[in-house]
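Trainee: Before I ask anything, here is the structure I am working with.
The values are calculated or read from the model by the stated rules, or taken from the named source; none is laboratory data. Just so it is clear, the model here is predicted, and its values are computed rather than measured. All Cβ positions, even for glycine, are placed from backbone atoms using ideal geometry, and neighbour counts span all protein chains on display.
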Amino acid sequence: MNEERKILLVEDDPEHAHVITRYLRKADRRGNKISLVKTLAEAKDALTNDSFDAILLDLSLPDSPIHNTLQQMVQLNPVAPLIVLTSINDLEFATAAVQQGAQDYLVKSELNTEALDRSIRYAIERKHAQMQLEDYATQLKESNRHLENFAHTLAHEIRSPLTVISGCLQMIEHSHAKKLEAELGELLGDSLMAVRGISELVETLLEFSQANAQQLAFKPVDLEAIFFHVYALLRPLINEASAVVTHDPLPEIYGNEIQLRQLLLNLINNALKYRGDEDPRVHVGCTDHSDNWTIYVSDNGRGISANDQQRIFDAFTRLDVTPGISGVGIGLAFCKRIVELHEGKIWVESEPGKGSTFFVSVPKRAPNEIAS
Ligand code: ADP
């Protein structure tokens, strides 16, 4: 690329400005058009009236305290790459500058034509790549939103005809049970089962697509109370499987009650469903870390191989198609979504044949962040 580069130099020290301008002119293969300003206010004017390929910024300016200049410039100019010029040869300072949005950092005493030229070129490239990534992320979010809307509409539209089909099939089954030939009865039974399967899928899809949309109330939630609620819901399954479900004292955490209940329900339900040879033993525990709680659900079930441990959190992934084990492969994807909405993480550790432990780590919140 041989086109002219427009560079804004923000530097109040005339001597430094002179040296830097000289270096920039020497690196003038492409033609650097340099605009020199001495204050933040002048920089603001220049950015309002013109666009630049790169900005060289001295942080100590007469109208801006040193720790404020970068932040203000990032706000004024989200587009052009920023290179901070400073006399402070301090690595921590450099890292902080880059974290606050600068593309690079140059120590004035180490400047020369090549270093300056290289830094500008890299800063332009880096900023370009960063903006492209931000673009992709926005497009991805947008397309996910469309997909969610689509899934929601589809599930919603399918629900009514499905209810009609299921109702009709049930009526035929009830009113003509005795008159139906055995083969026809069997076909009817199979159809009803298939319709029930699709209904389950549709309901789960609807819940899944609504998880984001609901403007969820977040408040302190008693996880132990949620555990007892879930235990009561699963009692028939627990009894039927001769399972033992135990728990540690569980904390109050900050979140959405309905979603946290769904999360625990899915995890304990899976621990009971994907059992091994022995009667299920499930434990819900909690570890207190300084900034977060890690809640875990461990079982002595069939376990999950290392290869599958990531992908089970993707929607519609089912490792197990054992007849009689119901599910549509969306429970863990739902758990992941819930945990992400709580700004947490979910992962599994497991050994096939021995059992699995699902971990959920969620941040603790300071009382002043707790909404009433
Ligand atoms: P579903 O239970 O509807 O299949 P999930 O998303 O809840 O969907 O789980 C995805 C898959 O992960 C399951 O089909 C099963 O193979 C595996 N899985 C989930 N939980 C466990 C567990 N506790 N032990 C062993 N396998 C599990």
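Trainee: Of a type outside the set (Lys, Arg) and closer than 15 Å to Leu116 by Cβ: is that true of Asp58 in this structure?
Mentor: In short, yes.
Trainee: Still on this structure, I have one more. So in the stretch 309-346, with the set limited to residues that are within 6 Å of the ligand (Cβ to nearest atom) and not aliphatic (A, V, I, L, M), which one is farthest from Val245 (Cα to Cα)?
Mentor: Looking at residues that are within 6 Å of the ligand (Cβ to nearest atom) and not aliphatic (A, V, I, L, M), I get Thr317.
Trainee: Quick one: in the stretch 288-305, of everything that is outside any strand (DSSP E or B) and under 25 Å from Glu343 (Cα atoms), which residue is modelled with the highest pLDDT?
Mentor: In this case the residue turns out to be His289.
Trainee: Consider Asp279 carefully, then state whether it is surrounded by fewer than 18 Cβ atoms within 10 Å (Cβ to Cβ), in a loop (DSSP other than H, G, I, E, B) and at pLDDT 95 or above.
Mentor: So Asp279 fits the description; yes.
Trainee: Further, regarding this structure: Tell me, please, whether a residue that is surrounded by fewer than 14 Cβ atoms within 10 Å (Cβ to Cβ), at pLDDT 90 or above and of a type in the set (Val, Ile, Thr) can be found in the stretch 239-254.
Mentor: yes
Trainee: Of the residues Ile338, Ile325, which single one is part of a helix (DSSP H, G or I), of a type in the set (A, V, I, L, M) and touching a residue at least 24 places away in the same chain (Cβ under 8 Å)?
Mentor: Within the list Ile338, Ile325, the selection yields Ile338.
Trainee: Which members of the stretch 340-359 meet the condition of being crowded, with 21+ Cβ neighbours inside 10 Å and among the aromatic types (Phe, Trp, Tyr)?
Mentor: Phe358
Trainee: Show the residue pairs that are 6+ apart or on different chains and have beta-carbon atoms under 8 Å apart, the first residue being within the stretch 89-105 and more than 20 Å from His128 (Cα to Cα), the second being of a type in the set (D, E, K, R).
Mentor: Close Cβ pairs satisfying both conditions: Asn89/Glu110.
Trainee: Can you tell me how many residues in the stretch 170-216 are among the polar types (S, T, N, Q), modelled with pLDDT of 75 or more and farther than 20 Å from Ala315 by Cβ?
Mentor: 3
Trainee: Regarding Asp12, is this residue modelled with pLDDT of 90 or more, out of contact with any helix residue (DSSP H, G or I) (no Cβ under 6 Å at 6 or more places or on another chain), in a loop (DSSP other than H, G, I, E, B) and not basic (Lys, Arg)?
Mentor: Judged against the criteria, Asp12 is a match.
Trainee: In the stretch 235-259, what residues are within 28 Å of His289 (Cβ to Cβ) and not in a loop (DSSP other than H, G, I, E, B)?
Mentor: Val244, Val245, Thr246, His247, Glu252, Ile253, Tyr254, Gly255, Glu257, Ile258, Gln259
Trainee: Suppose we keep only residues that are surrounded by fewer than 20 Cβ atoms within 10 Å (Cβ to Cβ) and more than 9 Å from the ligand (Cβ to nearest atom) within the stretch 299-308. Which one would you say is nearest to Val244 (Cα to Cα)?
Mentor: Here the answer is Ser305.
Trainee: In addition: Looking at (1) modelled with pLDDT of 90 or more; (2) within 13 Å of the ligand (Cβ to nearest atom); (3) touching a helix residue (DSSP H, G or I) at 6+ places or on another chain (Cβ under 8 Å), which is the only condition Glu349 fails?
Mentor: Failing condition for Glu349: (3).
Trainee: Let me ask something else. Name the pairs whose Cβ atoms lie under 8 Å apart, with the first residue in the stretch 125-154 and polar (S, T, N, Q), the second in a helix (DSSP H, G or I), and 6 or more positions between them or separate chains?
Mentor: Asn149/Ser209
Trainee: Quick one: what pairs do we get from the stretch 352-365, first residue over 11 Å from Gly276 (Cα atoms), second polar (S, T, N, Q) and at pLDDT below 95, C-beta under 7 Å, 6+ apart or different chains?
Mentor: Once the first residue is over 11 Å from Gly276 (Cα atoms) and sits in the stretch 352-365, its partners that are polar (S, T, N, Q) and at pLDDT below 95 give Ser361/Asn292; Val362/Asn292; Pro363/Asn292; Lys364/Asn292.
Trainee: Still on this structure, please answer the following. Do you know which residues across the stretch 52-79 are within 16 Å of Leu40 (Cβ to Cβ), part of a loop (DSSP other than H, G, I, E, B) and modelled with pLDDT of 90 or more?
Mentor: Those that are within 16 Å of Leu40 (Cβ to Cβ), part of a loop (DSSP other than H, G, I, E, B) and modelled with pLDDT of 90 or more: Phe52, Pro62, Asp63.
Trainee: Testing Leu70 on (1) surrounded by fewer than 19 Cβ atoms within 10 Å (Cβ to Cβ); (2) of a type in the set (A, V, I, L, M, F, W, C); (3) more than 16 Å from Ile7 (Cβ to Cβ), one condition comes back false. Which one is that?
Mentor: Leu70 satisfies all of (1) surrounded by fewer than 19 Cβ atoms within 10 Å (Cβ to Cβ); (2) of a type in the set (A, V, I, L, M, F, W, C); (3) more than 16 Å from Ile7 (Cβ to Cβ) except (1).
Trainee: Let me ask something else about it. What's the total number of residues in the stretch 269-293 that are under 25 Å from the mean Cα position of the chain (by Cα) and either more than 13 Å from the ligand (Cβ to nearest atom) or over 14 Å from Leu234 (Cβ atoms) (or both)?
Mentor: Here the count works out to 9.
Trainee: Pairs please, first residue from the stretch 165-194 and charged (D, E, K, R), second anywhere and surrounded by 13 or more Cβ atoms within 10 Å (Cβ to Cβ) and at pLDDT 80 or above, Cβ atoms under 7 Å, 6+ apart in sequence or on different chains.
Mentor: Glu173/Leu188; Glu173/Leu192
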